[in-house]
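Undergrad: Sharing a structure, written as structure tokens. Questions coming.
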Amino acid sequence: MELSKEQAERYQRHLPLHEIGIEGQKKMGNAKVCVIGAGGLGSPAAMYLAAAGVGTIGIADADQVELSNLQRQILHGMEDIGIPKVRSAKETLQRLNPDTVVHTYPVFVDEDNILELIGPYDFVIDAADNFHTKFLINDACVMAGKPFVHAGVIRFQGQLMTYVPGQGPCYRCIFKQPPQKGAVPSAKEAGILGVVCGVIGSLQAMEAVKYILGAGDLLTGKLLTYDALGARFRTIHLPERTQDCGACGKH
Ligand SMILES: [Zn+2]
């Protein structure tokens, strides 16, 4: 694929970057990223990926847009209330960049459909809002040999880590299993500032872009945490892969 005149203008600010240039922009155009969740994290992640020229974005979410989503889920607007989030997401992404092909999956991601869902994609973004789905994404990506970036947000805090097959621990190595129901409050119960979703979802898009370009350092073997009130980022070096991990271990 060559860049058209319009694309050369659209991506003009990428072209002077040594890590991108015309070759990197073509890599983005050929890349396929699957975003699981069209909410607080999925919104900035998908929007920056579309804006950057990622050629194919898949977006999965079973929910409809509600008024209480709009404080953080910037893919959606007032006129979208009541319609499927994936429909609203596709409209927003195509308004941003008509070059991006958007595939929508208005389904609740579960054990039966996840491998088929992620199959065609190069990179997966865990933008799910519950632990069950986060562990499911991890286990499916480990099984399918797909890289993915995990993220979680609550109140004024966020975290993310990246898994690449063969490099460092998976999410289950570190977090073992979903917490008991009710042991950890949800964002609905505990609250979440929309800006925190914006910061962490944007960092997820950054991990995807670096993976696509093969540039820079990914958060493999590292957990990046963000304390918004304290204005602090921390990088925690994670232990090695666990030999008896239920996902990436020997069995
Ligand atoms: Zn593991």
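Undergrad: What ³J(HN,Hα) values, in whole Hz, does the Karplus curve 6.51 cos²θ - 1.76 cosθ + 1.60 give for the stretch 101-107 when θ = phi - 60°, with x put for Gly and Pro?
TA: 7, 10, 9, 10, 10, x, 10
Undergrad: Out of residues 5 or more away from ILE192 or on other chains, whose amide H comes under 5 Å of its own, with H placed 1.01 Å from N in the peptide plane?
TA: It is ARG155, by chain and number.
Undergrad: Let me know the charge dipole size of the stretch 160-251 about its Cα centre in debye, to the nearest 20, where only the beta-carbon of Lys, Arg (+1) and Asp, Glu (-1) is charged.
TA: The dipole magnitude comes to about 160 debye.
Undergrad: Using only the alpha-carbon atoms of the chain as identical scatterers, what base-10 log of I(q)/I(0) does the Debye formula give at q = 0.10, 0.11, 0.12 Å⁻¹?
TA: Computed log10 I(q)/I(0) values: -0.46, -0.56, -0.67.
Undergrad: Oh, and also: Cross-link partners among aspartates and glutamates for LYS222, C-alpha distance below 20 Å, same-chain residues fewer than 8 apart left out?
TA: Partners within reach: ASP126, ASP139, GLU207, GLU240, ASP244.
Undergrad: Projected onto the charge dipole of the chain (+1 at Lys/Arg Cβ, -1 at Asp/Glu Cβ, origin at the Cα centre), which of PRO16, ALA46, VAL124 gives the Cα projection farthest towards the positive end?
TA: PRO16
Undergrad: A further question follows. Given the stretch 63-209, what count of lysine pairs have C-alpha atoms under 24 Å apart, with each pair 8 or more places apart or on different chains?
TA: Going through the stretch 63-209 pair by pair, I get 10.
Undergrad: Antiparallel as a % of all DSSP beta bridges within the chain, to the nearest 5?
TA: Roughly 50 percent of the beta bridges in the chain run antiparallel, per DSSP.
Undergrad: Using +1 on the beta carbon of Lys and Arg, -1 on that of Asp and Glu, and nothing else charged, what's the dipole of the chain about the Cα centre, debye to 20?
TA: With only Lys, Arg, Asp and Glu charged at Cβ, the dipole is about 540 debye.
Undergrad: Determine ³J(HN,Hα), in whole Hz, for all residues of the stretch 175-183 in sequence, where each value follows from phi through the Karplus function 6.51 cos²θ - 1.76 cosθ + 1.60 and θ = phi - 60°; x replaces Gly and Pro.
TA: Computed from phi, the couplings for the stretch 175-183 are 9, 6, 7, x, x, 4, 3, x, 6 Hz.
Undergrad: Amide H to amide H under 5 Å from VAL101: which residues, 5+ apart in sequence or cross-chain, H placed 1.01 Å off N in plane?
TA: Amide H neighbours of VAL101: THR56, ILE57.
Undergrad: Give the Rg/Rh ratio for the stretch 146-241, taking Rg as the radius of gyration of the Cα atoms and Rh as the Kirkwood radius, to two decimals.
TA: Looking at the stretch 146-241, the ratio lands at 0.97.
Undergrad: For the stretch 5-21, take each phi angle, set θ = phi - 60°, evaluate the Karplus expression 6.51 cos²θ - 1.76 cosθ + 1.60, and give the result in whole Hz per residue in order, putting x for glycine and proline.
TA: 4, 5, 5, 4, 6, 4, 9, 3, 6, 7, 5, x, 6, 4, 6, 10, x
Undergrad: For CYS245, which sequence-distant residues (separation of 5 or more, or a different chain) have an amide H within less than 5 Å of its own amide H, given hydrogens modelled in the peptide plane?
TA: Amide H neighbours of CYS245: LYS250.
Quick note: the coordinates plus some simple rules give every number you see, no bench work behind them. As the structure is a computational prediction, the values presented were derived from the model and not from experiment. No Cβ is skipped: glycine too gets one built from the backbone with ideal geometry, and neighbour counts run over all protein chains shown.
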